[in-house]
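Each remark here refers to the structure printed beneath this line.
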Amino acid sequence: MTKRHSISKSFGTILTGLFLILSCTSASAQRTISGQSTLAISAHYTGTSVGAEAFFSQYTLGGFWESGIMVSPYRYGLSTNHILDDWHISAAGSYLWRLAATRSRSFNWYAGAGVFAGIEWLDPFRHLPDYIDLGTANIHFLYGVYAKTCLEIFLSPRFALLVQGALPVNFSSYAGNIHWQAGLGIKFMLN
């Protein structure tokens with residue numbers, strides 16, 4: 001058996017054990033009831049940079065709704081060998097349905113969609129030299145929709161780890177219309 005195969009087998013055993021331990025606990029069975037409010041804070045990778053988001057959410061019978069703010073930076077290479085920074089700062093809201101869950105609700109998998117509106121800010125830190133003209137204003141109105149999936153892993157009755165993925169589609173972006181995001185976050189129960 002090769003060393004790489006041994007490491008991958010050990011990693012798989014650890015993940016399986018962690019899943020069994022957490023799914024057999026009652027850490028969160030009472031925490032995903034309808035009306036329960038939460039605060040989620042997460043960081044996401046956009047393919048070129050790291051962004052952040054903060055959402056207030058509330059559980060319903062079949063999932064949860066959320067509203068909050070997203071900040072997503074992107075970087076694009078220009079033909080002049082310079083880098084264009086493109087920041088998307090927006091308010092967002094979505095609904096995610098529960099697709100699967102353990103009996104104790106220690107693990108929950110959600111998917112859904114939402115809308116966002118805000119600003120697209122090109123070259124916010126003025127890194128581009130003055131002789132480069134983008135041919136547009138630096139700040140634009142930004143709006144669009146996004147698909148999102150989220151795995152919620154409760155580590156205690158009031159605290160969960162989030163593993164998320166999203167696909168924002170920007171209808172008014174100057175630099176790019178379809179992006180992807182992958183992120184990690186934490187969720188706190190508020191009441």
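Full extension of the segment from Thr13 to Asp130, taken as 0.36 nm per residue of separation minus the current Cα-Cα distance, would add 36.5 nm. Annotation for Ala54 and Leu151: the two label points, set 7 Å from Cα along the Cα-Cβ direction, are 2.7 nm apart. Dividing the C-alpha radius of gyration of the range 23-130 by 2.2 N^0.38 Å, with N its residue count, gives 1.41. What net charge is computed for the residues neighbouring Gly185, neighbours being all others with C-beta under 11 Å from the C-beta of Gly185, Lys and Arg scored +1, Asp and Glu -1? Result for the neighbourhood of Gly185: -1.
How much length is gained if the chain between Arg75 and Val169 is pulled fully straight, taking 0.36 nm per residue apart and subtracting their Cα-Cα distance, in nm to one decimal? The partial results should precede the final answer.
On the way: separation 94, 0.36 × 94 = 33.84 nm, distance 1.66 nm.
Here the segment from Arg75 to Val169 would lengthen by 32.2 nm.
If you model the range 3-189 as an ellipsoid using its alpha carbon gyration tensor, with each semi-axis the square root of five times an eigenvalue, the axes come out at 36, 21, 12 Å, biggest first. Using 0.36 nm per residue and subtracting the Cα-Cα separation, the extra length available between Trp180 and Ile83 on full extension is 33.0 nm. A P(r) calculated from all alpha carbon pairs of the range 124-175, with 10 Å bins opening at zero, reads 18, 27, 23, 20, 10, 2 percent.
Along the range 186-191 the Karplus relation, 6.51 cos²θ - 1.76 cosθ + 1.60 evaluated at θ = phi - 60°, assigns HN-Hα couplings of 10, 10, 10, 7, 8, 9 Hz to successive residues, with x for each Gly and Pro.
Bear in mind that the values in this text are calculations on the coordinates, not laboratory data. All of these numbers come straight from a predicted model, not from anything done at the bench. Here the Cβ is made from the backbone with ideal geometry for all residues, glycine too, and neighbour counts use every protein chain on show.
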